[in-house]
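Notes follow once the structure below has been shown.
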């Protein structure tokens, strides 16, 4: 009989498995599964200093923000969680200035909760109640596309003296204080729009019009790479 010692093979397998686990980028949870249209573009969307706009097939709008990839380098105070807190402070302050009779009051705990959200998308008035829910309740609410209190309100507003809620959020992101994020947004690398291939074009166009109204004329449209079948 022939004896094959598999010890070395087992060691190599474990090492490879560990390597792939440590070097993989895990997909962040999103409120809705979006199947992007296909294209031949191979340009990758950055994973740091990025504002991603997600549009569901039902036309609901969500936003995700990431800060510096390495919080130990220069400007590292703008890691993802700190920058989300600052964006929330600025956005709520602007909303309260525009709506003095419907002010939104948030606690420091609310800010901490918001900083850990990968993607947000509720009207300002629903924000305090949403942030005080458990994680399970939040997931249940934000994944229900039939709810009126899900999705960031957006319309065809052109008056920047009275911006809509989507415009308030995008302004807050741009003026967050992170120069690197502001720079990537100016170049068009820091804004990515992701929509389902079944999302009505009018809804997508409405979001793009809002970006252009804000003078954010450069952005990326996220697509899937075409296959031979496409």
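One chain, two ends: residue 12 and residue 202. Fully extended at 0.36 nm per residue, the span grows by 63.1 nm beyond their Cα-Cα distance.
By the beta-carbon count within 10 Å of each Cβ, the least crowded to most crowded order of 15, 106, 3, 88, fewest first, is 3, 15, 106, 88.
Once the C-beta distance of residue 44 and residue 129 is scaled by a Förster radius of 30 Å, the resulting FRET efficiency is 0.20 to the nearest 0.05.
A crude spin-label estimate for the pair residue 96 and residue 69, with each label 7 Å from Cα along the Cβ direction, gives 3.7 nm. Helices in the chain, meaning DSSP H runs of at least 4 residues, each add -39500 (n - 2.57). Divided by all residues, the mean residue ellipticity at 222 nm is -12000 deg cm²/dmol. The shape of region 50-225 can be summarised by an equivalent ellipsoid whose semi-axes, obtained from the alpha carbon gyration tensor, come to 21, 21, 17 Å from longest to shortest.
Computed from the Cβ-Cβ distance with R0 of 25 Å, the FRET efficiency linking residue 217 to residue 162 stands at 0.70. Annotation: the antiparallel percentage among DSSP beta bridges lying fully within the chain is about 45. Helix 165-174 and the longest principal axis of the C-alpha atoms of the chain enclose an angle of approximately 60°.
Bear in mind these aren't lab numbers, they're just calculated from the coordinates by the rules spelled out. Because the structure is a prediction, the values reported are computed rather than measured. Neighbour counts are summed over all protein chains in view; Cβ atoms, including those assigned to glycine, are modelled from backbone coordinates with ideal geometry.
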